[in-house]
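**Student:** Take this structure first; my questions come after.
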Amino acid sequence: MKAIDVIVSGRVQGVGFRAFTRKNAVMLGVKGYVENQRDGTVHAVMEGNEHQVDKLLEVVKNGPMTSRVRDVKVKDIDKSGYTGFDVR
């Protein structure tokens, strides 16, 4: 199992980024959450097997067509045991 903390910057708020991330997380079986931050970034926690998490991270790096991802910061974290994927 793999767990990561992700901060995405660029044009990522007001463009459906959180819904896009949740939709792909559910399709891939990844657990965790995604939320907007006050500084204009999007924060996500992703948990699942390594392939699932890596695939979701790849999708998030591209974002929905309406977004413009400028930077993605990733750090490994301890697994928390989320049971679904929420938009906060």
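**Student:** Working carefully through the options Val26, Val53, Val45, find the one that is under 20 Å from Lys79 (Cα atoms), assigned to a strand (DSSP E or B) and in contact (Cβ under 8 Å) with a residue 12 or more places away in the chain.
**Tutor:** Values: Val26 fails: assigned to a strand (DSSP E or B); Val53 fails: assigned to a strand (DSSP E or B).
Going through Val26, Val53, Val45 in turn, the sole match is Val45.
**Student:** Moving on. Based on what the data block shows, is Tyr82 in a loop (DSSP other than H, G, I, E, B) and either without any contact (Cβ under 8 Å) to a residue 60 or more places away in the chain or surrounded by fewer than 15 Cβ atoms within 10 Å (Cβ to Cβ) (or both)?
**Tutor:** yes
**Student:** For residues in segment 34-54 being more than 23 Å from Gln13 (Cβ to Cβ) and surrounded by fewer than 17 Cβ atoms within 10 Å (Cβ to Cβ), which is nearest to the chain's Cα centre (by Cα)?
**Tutor:** Asp54
**Student:** For Ile4, which of the numbered conditions (1) surrounded by fewer than 14 Cβ atoms within 10 Å (Cβ to Cβ); (2) at pLDDT 95 or above; (3) not in a helix (DSSP H, G or I) fails to hold?
**Tutor:** Status for Ile4: all satisfied but (1).
**Student:** Which residue out of Val69, Val60 is in contact (Cβ under 8 Å) with a residue 40 or more places away in the chain, among the β-branched types (Val, Ile, Thr) and out of contact with any Lys or Arg (no Cβ under 9 Å at 6 or more places or on another chain)?
**Tutor:** Numbers: Val69 fails: out of contact with any Lys or Arg (no Cβ under 9 Å at 6 or more places or on another chain).
Exactly one of Val69, Val60 is in contact (Cβ under 8 Å) with a residue 40 or more places away in the chain, among the β-branched types (Val, Ile, Thr) and out of contact with any Lys or Arg (no Cβ under 9 Å at 6 or more places or on another chain), namely Val60.
**Student:** Any residue that is surrounded by 12 or more Cβ atoms within 10 Å (Cβ to Cβ), modelled with pLDDT under 95 and farther than 20 Å from Gly14 by Cα - is there at least one of those in segment 68-79?
**Tutor:** Looking for residues that are surrounded by 12 or more Cβ atoms within 10 Å (Cβ to Cβ), modelled with pLDDT under 95 and farther than 20 Å from Gly14 by Cα, one finds at least one in segment 68-79, hence yes.
**Student:** Give just the number: which of (1) of a type outside the set (A, V, I, L, M); (2) farther than 15 Å from Asp86 by Cβ; (3) not in a strand (DSSP E or B) does Gly10 not satisfy?
**Tutor:** The failed condition is (3).
The values are calculated or read from the model by the stated rules, or taken from the named source; none is laboratory data. The shown structure was predicted, so the numbers you read here are calculated from the model rather than taken from an experiment. Note: ideal-geometry Cβ built from the backbone for every residue, glycine included; neighbour counts use all protein chains shown.
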